[in-house]
Amino acid sequence: MSDYLIFFTTILAAGVASGTPVLYATIGEVFSERAGVLNLGVEGMMLMGAVTAFRVSHVTGNPWLGLAMGILVGGLFSLLHALVSITLRGDQVVSGLALTFVGFGMSSVIGWPLIDVRDAPRLPAFDIPLLADIPVLGKIFFQHSVVVYIGFLLVPLAWFIINRTRPGLHMRAVGEYPAAADALGIHVDRLRYLYVLVGGLLAGMAGASLTLAITPLWIEGVTAGQGWIAVGLVIFAGWDPFRAAFGSYLFGAIRRLPLDLQGAPVLPWNLHLILRDPLLNYFTNMLPYLFTIAVLVIGSREAMRKKLGAPAALGTPYIRGERGV
Amino acid sequence: MESSAKVDVPAVDMRGIVKRFPGVLANDHVDLTVYEGEVHALLGENGAGKSTLMNILSGLYQPDEGEIRVRGERVSFGSPKDAIRQGIGMIHQHFMLVPSFSVAENIMLGMDEPRFLLDPQKIEGTVRELSERYNLDVDPSSKIWQLSVGEQQRVEVLKMLYRGATILIMDEPTAVLTPQEVEDLFQTLRGMAKSGHTIIFISHKLDEVLAIADRITVLRRGRLEAAGVEASSVTKKELAHLMVGREVLFRIEKKPAKAGEVVMEVEDLQAEDDKGLPALKGVSLQVRSGEILGLAGVAGNGQRELAQAICGLRPVMGGVVRVHGKEVTNAAPVVLIKEGVAYIPEDRHGVGSVPNLSVAENLALRNYRWPPIGNGWRINRVALRKQAVELVQTFDIVTPSIDTPSRLLSGGNLQKMILARELSGDPRVVIAVHPTRGLDVGATEAVHRLLLQERDQGAGVLLISEDLDEILSLADRIAVIYEGQIMSVVDAEDADIEELGLQMAGTRVGAGAEKGEA
């Protein structure tokens, strides 16, 4: 195989792995937003999931128990946001931001004793028989940790639920025009709670997959803005799981470039010099914040939201008796 | 009542219904008896409690007192689903349809079947069958946002029929329709009543009620005024008296207009709506002094954008606005105030007033910058209060005091306050958008009188309204707007309702009409 092929295969394989936590978080946020609730607390929920999973795995020696607890804590954490934004009809942006800060602080406290831990048990990685032997594709997709494979299954499942099932239809109705759903006897608040919770569980899963498989260690703020990336990707993916997957893996690849590929082969137009440049690291570190700004700019302009196809009732609490949209 | 065929047990029997909201007694021991197969009108002014009563019947609200029987059986509804199970379906004034969903998806929304997997083809088939049976023509696979208002209403009716509703409640169904669409709707309703459906028709329009209803129940201020009178046995005058509680003049005294020079004109005006789509596509109009130009049209055809563009509240993308020959395109609102343009906006709470400021302060919002109220950077409170006292008296605004926050005023008095502010400075141009929407008959009369008075004093009035009757009775000339374009401008004397209605629906008629449109 040529140098080039190996080079790109390695990039893409690394991208699929490191994009997996973002994928979970993004799909989770797709569910929450499709039901009309904007949750900017993804970063906080991810951190809580990450620290819980790592600590439980470290203490009990059972990474599966760690995964389960990480998912659970992410979900519980999201209920805070649900309470404020659905029951108390508070501002979703403020509540979500608060959730991120609380998550950052709390995870730092919980994770304090874990900072030098390097030997916590990880979730298993294995090659998928047969598929792993396919040239190029096998290396990119089928030689990974188990969390990556679960991610593969989640994407079509999420798409199917959203677009082809009754619960999905109800969820979308609640996010588009809650008054119409309410008039037909659909419980708007109950469904919104449910899908905020789904978003939280998946954000917990995102954090857990990070510390149990992709970056198996704990440092303060280990997610490094990936929760924000997820919030941004939801928009660029047009609230669609398949496009979210594409975006997540692409982002994963970009993020890994400066880490893995110092030894890039000589490329046309001296591209290898850019890839080897340590400054690229700063650029990729900046991306989450660039995304956040984009999200806020888009989120605050109704016309732009409409153009992008955002759920019409996104970010607005539902109160019975008030006129729809 | 006379003739026979009616079953003894009523389809719906509501007894002694009481519903309280904070500070309001919306329904005060109201009874309603509706028989199977009839069209029953529920008549009353805005705020009379019609919608509240029907929201109770459709399960959206729970009554504080009283009982409901459906076909003789006592029922109590916890949610709209319970009501639908009993065959009661309500079609709200604001359509309860998800714009981004298809017709079929909207119809199956909230149904118990299918449990999990969606099968659009199957639903579309069933919907197609239903729409053929009841002659409600609509394509099940098209998206709601692609449909006209009349078609959306058909979807609402289909939605209820699909759920097996036999008792249909329609809340002011004609408010958003053109005269022709109203005729279609009435035909559908008659057909459905004939096939055994029961229809409760909420309205405040007397002519309509007399045209469609078999029997009529009248509410006023939450109380029952007349229960189930035969439509054939009452006159319009009697109904009006029941509804308003006093004699009503149906004709407005109006002197002939003495139209002078052009005071305001727009030429080839272009503007976008909130979504950034073109809302005005080259509108040209002239308003002369001493006349009322009525702009008719179905809601959402650019009326709002036109008023805002003229008043400097929406960017003009192309074209010119002139007041007294002076160009004021995209001028700041304060420039327009100085030029004598009065603006009576559609949104009284958000644009027309500052709800938390007092009546006195609201009355000064237009002229606080200049003496006697404004004095450099200071406000002369004495002058401000003096002006308020005078205006409250002249314009007959009912308020506890001039220091009361304007949010506490009733709709009619709030509108009078806005009119007082806008009209007291002797404006040369008046832009009035839906000036009587939601007002009771008394306040409506007052608003009409004030607008005519301005006209007679030589102002040019642009009256934008969805109420064709209002335009016909006030305007000297009538323009019709459709999808951001002016269809025609005619003298009020030559106006033909039929033609106006067709134009409101987008059909060009009269001289130079395009080839054969229905």
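The values are calculated or read from the model by the stated rules, or taken from the named source; none is laboratory data. Since we're looking at a predicted model, the values are computed, not measured. Here Cβ is always computed from backbone atoms with ideal geometry, including for glycine, and neighbour counts include all displayed protein chains. What goes into the accessible areas is simple: the full protein's heavy atoms, side chains included, and nothing from ligands, DNA or RNA. Shrake-Rupley method; radii C 1.70, N 1.55, O 1.52, S 1.80 Å.
Once region A:138-167 is narrowed to residues that are of a type in the set (Gly, Ala, Ser) and modelled with pLDDT under 95, the residue that is surrounded by the fewest Cβ atoms within 10 Å (Cβ to Cβ) is A:Gly138. Remark: pairs (first residue in region B:420-438, in a helix (DSSP H, G or I); second residue among the hydroxyl-bearing types (Ser, Thr, Tyr); Cβ separation under 8 Å; 6+ apart in sequence or on different chains) = B:Ala420/B:Thr394; B:Glu422/B:Tyr343.
If you go through region B:122-143 one residue at a time, do you hit one that is in contact (Cβ under 8 Å) with a residue 24 or more places away in the chain, crowded, with 20+ Cβ neighbours inside 10 Å and within 10 Å of chain A (Cβ to nearest Cβ)? Looking through region B:122-143, none of the residues is in contact (Cβ under 8 Å) with a residue 24 or more places away in the chain, crowded, with 20+ Cβ neighbours inside 10 Å and within 10 Å of chain A (Cβ to nearest Cβ). Checked against the criterion of being aliphatic (A, V, I, L, M), in contact with a Gly (Cβ under 9 Å, 6 or more places away or on another chain), within 29 Å of B:Glu390 (Cβ to Cβ) and without any contact (Cβ under 8 Å) to a residue 60 or more places away in the chain, region B:311-332 has at least one qualifying residue. In region B:20-37, the condition of being surrounded by fewer than 19 Cβ atoms within 10 Å (Cβ to Cβ) and within 9 Å of chain A (Cβ to nearest Cβ) is met by no residue. The lone criterion from (1) closer than 15 Å to A:Thr20 by Cα; (2) in contact with a helix residue (DSSP H, G or I) (Cβ under 6 Å, 6 or more places away or on another chain) left unmet by A:Val198 is number (1). Counting the residues of region B:209-225 that are closer than 13 Å to B:Arg190 by Cα and open to solvent by 60 Å² or more (accessible area, probe 1.4 Å) gives 1.
Could you tell me whether region B:448-457 includes any residue that is over 22 Å from B:His324 (Cα atoms) and open to solvent by 30 Å² or more (accessible area, probe 1.4 Å)?
Looking only at region B:448-457, we keep the residues that are over 22 Å from B:His324 (Cα atoms), and these are B:448-450.
Those still in the list that are open to solvent by 30 Å² or more (accessible area, probe 1.4 Å) too: B:449.
So far as region B:448-457 goes, yes, one or more of its residues are over 22 Å from B:His324 (Cα atoms) and open to solvent by 30 Å² or more (accessible area, probe 1.4 Å).
Picking from B:Leu313, B:Leu295, which residue would you name as being out of contact with any Leu (no Cβ under 9 Å at 6 or more places or on another chain), among the aliphatic types (A, V, I, L, M) and at negative phi?
Values: B:Leu295 fails: out of contact with any Leu (no Cβ under 9 Å at 6 or more places or on another chain).
Sole residue among the options that is out of contact with any Leu (no Cβ under 9 Å at 6 or more places or on another chain), among the aliphatic types (A, V, I, L, M) and at negative phi: B:Leu313.
On the stretch given as region B:108-121, residues that are farther than 21 Å from A:Arg320 by Cα, more than 7 Å from every other protein chain (Cβ to nearest Cβ) and open to solvent by 10 Å² or more (accessible area, probe 1.4 Å) total 5.
Being out of contact with any strand residue (DSSP E or B) (no Cβ under 9 Å at 6 or more places or on another chain) and within 14 Å of another protein chain (Cβ to nearest Cβ) is a condition met by no residue of region B:325-336.
Filtering region B:61-93 to residues that are in contact with a helix residue (DSSP H, G or I) (Cβ under 9 Å, 6 or more places away or on another chain) and open to solvent by 60 Å² or more (accessible area, probe 1.4 Å) leaves B:Gln62, B:Ser76, B:Gln93. None of B:Val334, B:Val298, B:Val359 is over 25 Å from the mean Cα position of the chain (by Cα) and crowded, with 22+ Cβ neighbours inside 10 Å except B:Val359.
For region A:183-191, the count of residues that are at the interface with another protein chain (Cβ under 7 Å from one of its Cβ atoms), touching a residue at least 12 places away in the same chain (Cβ under 8 Å) and out of contact with any Cys (no Cβ under 9 Å at 6 or more places or on another chain) is nonzero. Only a single criterion out of (1) surrounded by fewer than 22 Cβ atoms within 10 Å (Cβ to Cβ); (2) within 13 Å of another protein chain (Cβ to nearest Cβ); (3) not in a loop (DSSP other than H, G, I, E, B) is not satisfied by B:Ser51, namely (1).
Conditions (1) free of Cβ contacts under 8 Å to residues at least 40 places away in the same chain; (2) surrounded by 20 or more Cβ atoms within 10 Å (Cβ to Cβ), marked per residue:
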{"site": "A:Ala68", "(1), (2)": "yes, no"}
{"site": "A:His81", "(1), (2)": "no, yes"}
{"site": "A:Ser85", "(1), (2)": "no, yes"}
{"site": "A:Val93", "(1), (2)": "no, no"}
{"site": "A:Val102", "(1), (2)": "no, no"}
{"site": "A:Gly105", "(1), (2)": "yes, no"}
{"site": "A:Ala120", "(1), (2)": "no, yes"}
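Only one entry in A:Gly324, A:Gly299 is assigned to a loop (DSSP other than H, G, I, E, B) and modelled with pLDDT under 70, namely A:Gly324.
Looking across B:Arg115, B:Arg74, B:Arg69, one residue alone is part of a loop (DSSP other than H, G, I, E, B) and of a type in the set (Lys, Arg). It is B:Arg115.
For region B:395-418, the set of residues classified as under 28 Å from the mean Cα position of the chain (by Cα), open to solvent by 80 Å² or more (accessible area, probe 1.4 Å) and not basic (Lys, Arg) consists of B:Asp396, B:Val398, B:Leu408, listed by residue number. Tallying residues that are touching a Pro at 6+ places or on another chain (Cβ under 9 Å) and not small (Gly, Ala, Ser) within region A:65-86 yields 1. Against the test of being in a loop (DSSP other than H, G, I, E, B) and surrounded by 18 or more Cβ atoms within 10 Å (Cβ to Cβ), the options B:Arg385, B:Arg348, B:Arg369 yield a single qualifying residue, B:Arg348.
Annotation note: of A:Val196, A:Val174, the sole residue that is open to solvent by less than 10 Å² (accessible area, probe 1.4 Å), at pLDDT 90 or above and within 14 Å of chain B (Cβ to nearest Cβ) is A:Val174.
Determine whether B:Val354 is of a type in the set (A, V, I, L, M, F, W, C), free of Cβ contacts under 8 Å to residues at least 60 places away in the same chain, under 27 Å from B:Leu384 (Cβ atoms) and part of a loop (DSSP other than H, G, I, E, B). Yes. For region B:372-382, a residue qualifies if it is open to solvent by 60 Å² or more (accessible area, probe 1.4 Å) and closer than 25 Å to B:Arg428 by Cβ, and exactly one does: B:Pro372. The set of residues in region A:149-171 that are in contact with a helix residue (DSSP H, G or I) (Cβ under 7 Å, 6 or more places away or on another chain) and facing chain B (nearest Cβ under 10 Å) comprises A:Ile161, A:Pro167, A:Gly168, A:Leu169, A:His170. For region B:98-107, the criterion of a residue being within 14 Å of chain A (Cβ to nearest Cβ), open to solvent by 20 Å² or more (accessible area, probe 1.4 Å) and not charged (D, E, K, R) is satisfied by at least one position.
The residue that is nearest to B:Gln86 (Cα to Cα), counting only those in region B:150-186 that are open to solvent by 20 Å² or more (accessible area, probe 1.4 Å) and free of Cβ contacts under 8 Å to residues at least 40 places away in the same chain, is B:Arg154.
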